[in-house]
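Scroll down for the structure; my scribbles are underneath it.
Please treat every number below as a calculation from the coordinates, not as lab data. Just so it is clear, the structure is predicted and the values come from calculations on it, not from any experiment. Virtual Cβ from ideal backbone geometry, glycine too; neighbours counted across all protein chains shown.
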Amino acid sequence: MRLSVVVPCYNEEAVVELFDTAIRASLDALPVEYELCYVDDGSADGTLERLRKIAAEHPDTTRYVSFSRNFGKEAGMLAGLREATGDAVVLMDADLQHPPELIERMLELYDRGHDQVIARRTREGDRPVRTAVSRLYYRMVNRWVDVELQDGVGDFRLLSRAAVDALLSLPEYNRFSKGLFSWIGFDTVTFDYQNVAREAGETKWHFGALLNYGMDGLISFNNRPLRIAIYLGLALVGVAALYAAWITGVALVDGVDSPGYVTLIVAIVGLGGLQMVMLGLIGEYIGRIYYETKRRPHFLVKETNVPRAAFRAEGHRARAGEPV
């Protein structure tokens, strides 16, 4: 059996060599042939130099790709999946928050016939506010989206070749991998592991990035927010009709009363704000359509030790919607 480990990296100079040592120690103890597929997502530090060094020291088991700029983790995972040649592929981060020793457990479950083996982290050690907000988000978003998103489940997982080919056959530009993993289905099993602190470097997931990621999850797999605009519009028409009937009745009984400035301003500001929210929501969907129609590549490769002809052929087939 051949195992590929895909590792997206962005400004991981401080930890990538520690990760490489740890992952090789774990993989060398397993009865598998393996390769490490690193993707440098346009890092601004010395990550690429570290990857060149690793590839020089382990040329037979190291493949790396470096982007021309930062295209985001979704692009990094996609490039790694295209690069991987194994019968099964493990996705994991380079910061050692995904323990390499768990790969043995993943392979055991894979051998039992599961196409997706997911490591779900517990939230021990997280701040209570973040834990509460995260649980509330998943509870809310699962009422809306067309796939199931699990709290604590991220990108750390093993995928069979069939699952990888299914992911590569999806040509969309706006990719939300957590939803795509759930959408493709296949036999899936999940096990828990204890939360691990980052070994070195700084997290890339600050509040703004988490907020944008949460919005992507909300609107990537459903159109229900657009339908809300219809329901809210109908509700407001109903409220306006009742209010107009009430005002007319009061005018007929008590005569016309000129005061009403506060009511008018509140109504204008409230309805104006609601309209802006709905326009922004519609704009989000239109923006995604805009990027899809451009058909730009998900990333541009600046440097790689993978044969360029092979990598370009893989990328061309994936963009054309054919399994790689």
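Which FRET efficiency value, to the nearest 0.05, is calculated for Phe186 and Glu57 with the Förster distance at 41 angstrom and r the Cβ-Cβ distance? Can you show the working numbers first?
On the way: r = 36 Å, r/R0 = 0.87.
Efficiency computed from Cβ-Cβ geometry: 0.70.
Going by amide H atoms built from the backbone, whose H comes under 5 Å of the H on Thr190, apart from near neighbours?
Correct list: Ile118.
Taking R0 as 45 Å, what FRET efficiency do you get between Arg288 and Thr21 from their Cβ-Cβ distance, rounded to the nearest 0.05?
0.65
How far apart, in nm, are the 7 Å Cα→Cβ label points at Ile268 and Leu300?
4.9
Cα convex hull of the stretch 1-55: mean projected area in nm², to one decimal?
Across all orientations, the stretch 1-55 yields a mean hull projection of 3.5 nm².
Considering amide H positions built from the backbone, and no H for Pro or chain starts, which residues 5 or more places from Val65, or on another chain, come under 5 Å of its amide H?
Tyr38, Val39, Asp40
With Cβ to Cβ distances under 13 Å as the rule, what net charge do the other residues near Gly46 carry (K, R +1; D, E -1)?
Residues close to Gly46 contribute a combined charge of -3.
For a quick protection proxy, order the peptides 67-73, 184-190, 159-165, 85-91 by their average other-Cβ count within 10 Å, most packed first. Kindly include the intermediate steps, with their values, before the conclusion.
On the way: 67-73: 16.9, 184-190: 15.1, 159-165: 20.7, 85-91: 22.3.
The packing order, highest mean first, is 85-91, 159-165, 67-73, 184-190.
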